[in-house]
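Below: one structure, written as structure tokens.
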Amino acid sequence: MGCNEPLKLLLDTHIWLWSVADPAKLSKRVRTAVTRAENELWVSPISVWELLVLVERRRVRLDDEPRKWVAEAISHTPAQEAVLTFEVAVRSREIMLAHPDPADRFLVATALVYDLTLVTADDSLIEAKLCPLLANR
């Protein structure tokens with residue numbers, strides 16, 4: 001793949017959150033890829049679910065009521081929804097990670113099924129190399 005070809009990028013939950021609420025946390029390479037008009041951005045419903053779990057556990061704080069924040073973030077992110085399909089569900093159970101995080105399994109499965117590059121800062125996903133990756137480093 002040439003460096004000028006458009007990319008199809010699946011944003012990991014934290015990358016999606018940072019791109020909306022704290023873009024300074026994105027590396028220059030990721031920020032460029034996410035803002036490049038030619039690239040396709042994708043977000044999984046699993047990222048919405050994972051974000052809400054993190055809010056419930058008080059590991060993430062949002063500036064607004066969660067439902068409203070998510071609606072605003074989705075409307076302001078020029079991304080397609082990576083629909084959770086039966087194939088994604090089955091593939092998620094075939095993925096072996098060093099940890100049992102279901103959200104990570106679903107995101108890797110989504111990247112594989114939809115032929116997307118997963119944008120992540122998660123070291124365990126980067127080291128596992130289970131799907132095409134763009135590391136936030």
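No value in this document is a laboratory result; all are computed from the given coordinates. Because the structure is predicted, anything quoted here is derived from the model rather than measured. Counting neighbours? That spans all protein chains shown, and the Cβs are built from the backbone with ideal geometry, glycine included.
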Worksheet item: What ranking do F106, F86 get, fewest neighbouring Cβ atoms within 10 angstrom at the top?
Response: F86, F106
Fill in: Cβ-based exposure ranking for S75, S27, in which fewest neighbours within 10 Å come first
S75, S27
Worksheet item: 222 nm [θ] for the chain, helices only, -39500 (n - 2.57) per DSSP H run of 4+, per residue, to 500?
Response: -14500 deg cm²/dmol
Discussion item. Within a 10 angstrom radius of the beta carbon, how do K25, K129 rank from fewest other beta carbons to most?
Written reply: K129, K25
Worksheet item: When you take every Cα atom in region 1-132, what is the radius of gyration, and what is Dmax, the widest Cα pair distance, in Å?
Response: 14.3, 42
Item to complete: Starting from the Cα of K129, draw a straight line to each of the lysines and keep only those under 23 Å, dropping any in the same chain fewer than 8 residues away.
Response: K8, K25, K28
